[in-house]
Amino acid sequence: MEAVGRESYGGGAGALGAEGRPVSEARVHFRVTRFIMEAGVKLGMRSVPVATACTIYHKFFGEIDLGAYDPYLVAMTSIYLAGKVEEQHLRTRDIINVSTRYFNPGSEPLELDSRFWELRDSIVQCELLMLRILRFQVSFQHPHKYLLHYLLSLKNWLNRYSWQRTPVSVTAWALLRDSYHGGLCLRFPAQHLAVAVLYLALHIYGVEVPAEAEAEKPWWQVFSDDLTKPIIDHIVSDLIQIYSMDTEIP
């Protein structure tokens, strides 16, 4: 399979990231999922297909050693496959052109020459490999619908002034999107992840849920009764680690 872009990601022992992966590998996955998100925007992908592409990518490298395949080829294929899964079909030509410009800003679209057809064939072959490795389990339950429901409920609980003066909703959506830079989508239930990003957004702006002290159980447990504070803390900690990685990576 022809490489599109390469990362220097040697294996070996070393510090482990939040997911138990070596930090060097976690940084590669951060960069590549950032590519997926930026390419997704340029391709006009909706948020859920982008989330599916990131999840497919993380799930594949949860099964396969990072050094075995070019991560950017896997990422391009994940975008293509996610488009099929979420019924937002994308042309391989568009994915290839967007990817080429990502690595070579200002470049012209590829000619339909041997290099283009080799790359297109690589994506097709990689798709078959990924489906086999993932045992055709490429449909996922994402936190997006839960977060939407939770935000609507919370808006009704808070007074209008508190809701309008702080961008809790925008921040929660941004936190959810950024969580896909890591493998949180595979390690935590969708409901838990949705509550955790909302919890963190409220905490960032110091917004308190009315009458929480008098309630029988905390607001976040109303949304997900099997959720515990240590689980929320774990998710928030992993999110913060993703942001710390963002400051380290140019």
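The values are calculated or read from the model by the stated rules, or taken from the named source; none is laboratory data. Since this is a predicted model, take the numbers as computed values, not measurements. Using ideal geometry, Cβ is built from the backbone for each residue, glycine included, and neighbour counts are taken over all protein chains shown. In case anyone asks, the SASA skips ligands and DNA or RNA and just uses the protein heavy atoms, side chains included. Shrake-Rupley method; radii C 1.70, N 1.55, O 1.52, S 1.80 Å.
Key figures for this structure:
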quantity	calculated
All positions within region 222-232 that are touching a helix residue (DSSP H, G or I) at 6+ places or on another chain (Cβ under 9 Å) and within 12 Å of HIS192 (Cβ to Cβ)	PHE223, SER224, ASP226, LEU227, THR228, LYS229, ILE231, ILE232
Qualifying residues in region 102-145 (those that are touching a Leu at 6+ places or on another chain (Cβ under 8 Å) and under 19 Å from HIS192 (Cα atoms)) - the one least open to solvent (accessible area, probe 1.4 Å)	PRO143
Hey, LEU176 open to solvent by less than 10 Å² (accessible area, probe 1.4 Å) and assigned by the TED database to the domain that holds ASP238 or not	yes
Selected residue [within 24 Å of GLU38 (Cα to Cα), touching a residue at least 40 places away in the same chain (Cβ under 8 Å) and either among the basic types (Lys, Arg) or in a helix (DSSP H, G or I) (or both)] from SER122, SER162	SER122
Count of residues meeting criterion [open to solvent by less than 20 Å² (accessible area, probe 1.4 Å) and not in a helix (DSSP H, G or I)] in region 146-159	1
Where a residue in region 199-217 is farther than 14 Å from LYS155 by Cα and its partner, wherever it lies, is assigned to a loop (DSSP other than H, G, I, E, B) and modelled with pLDDT under 90, with Cβ under 6 Å and at least six apart	TYR205/THR166
Close pairs (9 angstrom Cβ cut-off, 6 or more residues apart or separate chains): free of Cβ contacts under 8 Å to residues at least 40 places away in the same chain in region 53-80, of a type in the set (Lys, Arg) anywhere	PHE61/ARG21
